[in-house]
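The structure under discussion appears below in the form of structure tokens.
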Amino acid sequence: MSIQVLGTGAYVPERIVTNDELSTMVDTSDEWIRQRVGVAERRVSVSENAAEMGAKAAQKALEAAGITADQLDLIVGATVSSDFGCPSMSAKVQELIGAGCPAFDVNSACSGFLFALDTAAAFVARGGIRYALVLGAERLSRILDWTDRSTCVIFGDGAGAAVIAPGENYLASHLYTQGGESVLSIPLGKGNSPFYEKDVAPLAVHMSGQETFKFAVKQIVGEIRLIAERAGITTEQIDYIVPHQANIRIIDLAARRLNVPMEKFVVNIERYGNTSSASVPISFDELVRSGRLKRGDLIALCAFGGGLSSGACLIRW
Ligand code: UT7
């Protein structure tokens, strides 16, 4: 089906915030965060916005693919934490890397990279595209409530990207949306309209952790089985699973339910926390650069999050 991945790239900002540092800001502890979430430290951007981080990840993906920005025919990005409502994060990336192609964002929160990849794959299948850039870039630190211990300890900043081209290595995909804001939402506040009547929560990530947790495990397990079935393989034949890095206990539970050994899962939540739409492409890039992949390996990407949304796809390397 339609595409192959030519190269990947990732970028995280330099500033490391440890659990101990967070413990000086909110009532939490290194032990609680490691045990309940699996994060030891995360990166926080002090000066770069989502697009600036995205552009750095994109440059690395272009280098890995062996092409230059002017060869791109499309950029599809995902973010929920751009510094701008307009221009889109992807449009800014286009400017920063010196590309000249159409560029737009999708918003599917932590599943964003899967939605962006499937969108770009559909454009490639339509024809007329030689190279497309797909990315997820997030400066979540700008939308977190840093006094709320139930969210600020979980997330981190970063960006990941992939260059795709026409090919036969996108074996199956699935996207899912269950619309509503009761479980997970990022209200943007009400601005200063004198006509606005409703009460709106201030800008922050609002999340019912346990509801999200249950949704996450159900979606990973169901969608990995579904894409395997669609591709005509068994889940045992999948060589690597690149999951959204939201909670080590979610990955662990999904691995047990799928009966897939943890060694097949790419895990970096300890170092970066949950970087939303950047989490899957950062992890995918780590897998690619680890040197572990062999030609023909089967890789499943999967994510879940706000929307609610989830997505999965199967790629042959
Ligand atoms: O990327 C989007 C997708 N997001 C996710 O997938 C997130 C999924 N959910 C989760 O990862 C977990 O539900 C959380 C990590 C968010 C929370 O873990 P939990 O085991 O579900 O904890 P909880 O919310 O049930 O809270 C347990 C206790 C509470 O105290 P009491 O009521 O038992 O006294 C919380 O107040 O832990 C307390 N707590 C904390 N304690 C220390 C909550 N946050 C913290 C904290 N440090 N940072």
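The values are calculated or read from the model by the stated rules, or taken from the named source; none is laboratory data. For clarity, every value in this text was computed on a predicted model and none was experimentally measured. Note that each Cβ is placed from the backbone with ideal geometry, even for glycine, and that neighbours are counted across all protein chains shown. These accessible areas exclude ligands, DNA and RNA; they are computed on the full protein's heavy atoms, side chains included. Shrake-Rupley method; radii C 1.70, N 1.55, O 1.52, S 1.80 Å.
Quick notes on this one:
- Bridgeable aspartates and glutamates around Lys214 (alpha carbons under 17 Å apart, same-chain partners fewer than 8 residues away excluded): Glu181, Glu223, Asp252.
- On a per residue basis, the convex hull of the C-alpha atoms belonging to the chain measures out at 132 Å³.
- Each Lys and Arg contributes +1 and each Asp and Glu -1, all at the Cβ; summed about the Cα centre of the stretch 2-168, the dipole is approximately 300 debye.
- Under the Karplus curve 6.51 cos²θ - 1.76 cosθ + 1.60, θ = phi - 60°, whole-Hz ³J(HN,Hα) for the stretch 257-270, x wherever Gly or Pro sits: 5, 7, 6, 10, x, 4, 4, 7, 8, 7, 10, 9, 4, 4
- Potential extension, Ala201-Ala122 segment - 0.36 nm per residue separation minus Cα distance: 24.8 nm
- Fully extended contour minus Cα-Cα distance, from Asp20 to Phe84, at 0.36 nm per residue: 19.9 nm
- Here the 3J(HN,Hα) profile of the stretch 246-255, calculated from phi with Karplus coefficients 6.51, -1.76 and 1.60 at θ = phi - 60°, is 9, 6, 4, 6, 5, 5, 4, 5, 4, 4 Hz, Gly and Pro shown as x.
- With all protein chains modelled, accessible area of Lys190 [1.4 Å, Å²]: 90 Å²
- Length gained on full extension, Glu270 to Asp297: 7.2 nm, using 0.36 nm per residue less the C-alpha separation.
- Out-of-range pairs (alpha-carbon distance over 30 Å; input Lys56/Lys264; Lys92/Lys264; Lys190/Lys218; Lys218/Lys264; Lys92/Lys198): Lys92/Lys264; Lys190/Lys218; Lys92/Lys198
- With a simple spin-label model that places each label point 7 Å from the Cα along the Cα-to-Cβ direction, the separation between Trp146 and Gln237 comes to 5.0 nm.
- Cα centroid separation - the stretch 181-199 against the stretch 1-22, whole Å: 31 Å
- Solvent exposure of the stretch 2-168 amounts to 39 Å² per residue of accessible area, where only protein heavy atoms count and the probe is 1.4 Å.
- Per residue value of the accessible surface for the stretch 173-316 (all protein chains in place, 1.4 Å probe), Å²: 47 Å²
- Rounded to 0.05, the FRET efficiency of the Glu95 and Glu31 pair, given R0 = 35 Å and the Cβ-Cβ distance, is 0.20.
- Share of carbon and sulfur in the accessible area of the chain stands at 49%, probe radius 1.4 Å.
- Mean projected area of the Cα convex hull of the stretch 173-316, taken over all directions, amounts to 9.9 nm².
- Rolling a 1.4 Å probe over the protein chains gives Glu236 an accessible area of about 120 Å².
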